[in-house]
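Okay, so here's the structure we're looking at.
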């Protein structure tokens, strides 16, 4: 079966990708988000994983074959009736899958490997690189998974000089988040580390650049997959089905005028936890495009100029699965984070300087 292709019309202009899919194909918010997050949707022939991306009129959207049933779709009237073609309409262009040539894969810098031994590997993940492939996604694509972009877990074996020895992912950080993540090299080490993350005994601290200055203290809420607008978030019902407790400890490290440098210590490790807690507090990350608005509200303004959510996993600590010793590492933020930090600091200093006030 060919892929499903449509072109964004005027009624859909400015709406989010998830909203358009939900309306066109009679999906729930969760179903629309799942299609996008599992990389079944392309916008302009590029895989799109941001459910909140706003579409422009005339943009071509493509869904993988078999992902939705078109016969159940809710038709959306075009802005103008299309003239009847004199000849058969051309078939949608076939999208050529990305090459699996190693030269096209992202390179993992040698300095990214912070520590390694026969049991564990600690890596300073670059922003823009997915930590690992979900098991369900790998099974769904089968042999076709070789056409998917390489993940950190895919690249690590070669970087360690052992391409035939896969690493085992025990936790993950977001694709656009930089910083520390640990992989196991044996099944026993994986079980030991997984137990620590499940019991929340591993130490994880993040640095964030925020719009506004959040209130310092302990933030606790119940997370649900869909808070009511297709985004993960907090439920007011503490006994909601499928809800999971999320706890973040927030410390304001530096005030930068209308921005701030914030340290977040995770007591739990829920998906997008820091981004959600800071966003729902009204102080979203610089560069945040998903958790930057109240429920069914408009995005908060972002004058930082950040091109990604400014979040960095700065510290990671755990008990070594073989030695039983407590170990930990700290890494500085990457260049784009550090440069924006310095820029915001300069701007705040200019506003408060005596010369500026006079």
**Request:** Among the candidates 207, 239, single out the residue that is free of Cβ contacts under 8 Å to residues at least 24 places away in the same chain and either in a loop (DSSP other than H, G, I, E, B) or crowded, with 19+ Cβ neighbours inside 10 Å (or both).
**Result:** 239
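Among the residues of segment 159-175 satisfying the criterion of being in contact (Cβ under 8 Å) with a residue 12 or more places away in the chain and farther than 18 Å from residue 191 by Cβ, which is surrounded by the most Cβ atoms within 10 Å (Cβ to Cβ)? Steps first, answer last, please.
Initially, segment 159-175 is screened for residues in contact (Cβ under 8 Å) with a residue 12 or more places away in the chain, giving 159-160, 165-175.
After this cut, where a residue has to be farther than 18 Å from residue 191 by Cβ as well, the list is 159-160, 173-175.
Numbers: 159: 19, 160: 17, 173: 24, 174: 19, 175: 17.
Filtering segment 159-175 for residues that are in contact (Cβ under 8 Å) with a residue 12 or more places away in the chain and farther than 18 Å from residue 191 by Cβ, the one surrounded by the most Cβ atoms within 10 Å (Cβ to Cβ) comes out as 173.
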**Request:** Enumerate the helices (runs of 4 or more DSSP H) found wholly within segment 269-358, keeping only those where 3 or more residues are in contact with a strand residue (DSSP E or B) (Cβ under 8 Å, 6 or more places away or on another chain) and in the same structural domain as residue 254 (by TED's automatic domain parsing).
**Result:** 273-280, 335-352
**Prompt:** Only one of (1) at pLDDT below 95; (2) not in a loop (DSSP other than H, G, I, E, B) is not met by residue 226, so which one is it?
**Reply:** (2)
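The values are calculated or read from the model by the stated rules, or taken from the named source; none is laboratory data. Computed from a predicted model, the values in this text were never measured in an experiment. Quick reminder, even Gly has a Cβ in these numbers, built from the backbone with ideal geometry, and neighbours come from all protein chains shown.
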